[in-house]
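Below is one structure, written out as structure tokens; comments come after it.
The values are calculated or read from the model by the stated rules, or taken from the named source; none is laboratory data. Bear in mind that the values here come from a model prediction, so they are computed numbers and not experimental data. No Cβ is skipped: glycine too gets one built from the backbone with ideal geometry, and neighbour counts run over all protein chains shown.
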Amino acid sequence: MNLNTDMKLAVLERTFSPALAAPMTFDRWMQVNYRLDGCLEARQVHWLFSLVSVNGDCSICLFNVPYTETMREACRETRMPFQRAWQAELWLPETPQRFPQGAGLIVAEVNYNPPITKTVYEATKRQSKSCLDELNIQSASSIIAMDGTHSVCLFSASSAEQVRSLYRKVRIPFERIWKATLIQPVTESVGSLHTGA
């Protein structure tokens, strides 16, 4: 996944009713989103990856955008419903892990009051290392809202319940934790991260 540091990161959250057919594949996801393609290209938006619930009821997508409103404009123009779009930062472990197309990842959504800072985030990560090792969980990355009020954290783990146990052990309240299928541009892997083109 190539990040363009001259552009902003935007997260797009959506829900689906009825749920999308499972299992989700790259081709199916392209069919779901074909209406958006032209609008995004015209607005110089670059899709980085999507996380689609294994139940098919929701998704979280990350994009490089000129400005956050770009995503809202594209969805409105194509009449594609969405829950919210927000500007984000991507915080990575020191040695990012490479994940293949269709990998199963666990998504943890957390709200913060007061807002989280990078200092607090790093301290919490250090404190939770023993729990991560004990539960055999690997932290993949964290997508943090620019205002620090919420995050989407990604983990490699055998089940969502394992990650729920982690959050309970470190006493961090979570909004919800669910299993997702990773869908990404066919030549890239999330975790193989490079800044620039």
Tabulated pairs, the range 106-131, first closer than 11 Å to Ile172 by Cβ and surrounded by 12 or more Cβ atoms within 10 Å (Cβ to Cβ), second at pLDDT 95 or above and of a type in the set (Phe, Trp, Tyr), C-beta under 6 angstrom, 6+ apart or interchain | Ala108/Phe174; Val110/Phe174
What residue, of Pro18, Pro23, Pro66, is in contact (Cβ under 8 Å) with a residue 24 or more places away in the chain, more than 30 Å from Tyr121 (Cβ to Cβ) and surrounded by fewer than 19 Cβ atoms within 10 Å (Cβ to Cβ)?
-> Pro23
Residues in the range 66-89 that are more than 23 Å from Asp27 (Cα to Cα) and touching a strand residue (DSSP E or B) at 6+ places or on another chain (Cβ under 6 Å) total 9
Those residues that are modelled with pLDDT under 95 and among the aliphatic types (A, V, I, L, M), I need them from the range 1-23; list them, please.
-> Met1, Leu3, Met7, Ala21, Ala22
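Looking at the range 28-44, can you tell me whether even one residue there is assigned to a loop (DSSP other than H, G, I, E, B), basic (Lys, Arg) and either modelled with pLDDT of 95 or more or under 20 Å from Arg84 (Cβ atoms) (or both)?
yes
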Name the pairs whose Cβ atoms lie under 9 Å apart, with the first residue in the range 43-58 and touching a residue at least 40 places away in the same chain (Cβ under 8 Å) and within 19 Å of Thr78 (Cβ to Cβ), the second surrounded by 20 or more Cβ atoms within 10 Å (Cβ to Cβ) and among the hydroxyl-bearing types (Ser, Thr, Tyr), and 6 or more positions between them or separate chains?
-> Ser50/Ser59; Ser50/Thr181; Val52/Ser59; Val52/Thr181
Only one of (1) under 15 Å from the mean Cα position of the chain (by Cα); (2) buried (at least 19 other Cβ atoms within 10 Å of the Cβ); (3) part of a loop (DSSP other than H, G, I, E, B) is not met by Pro185, so which one is it?
-> (2)
For Ala10, the lone unmet condition from (1) in contact with a helix residue (DSSP H, G or I) (Cβ under 7 Å, 6 or more places away or on another chain); (2) under 23 Å from Ala160 (Cβ atoms); (3) crowded, with 20+ Cβ neighbours inside 10 Å is (2)
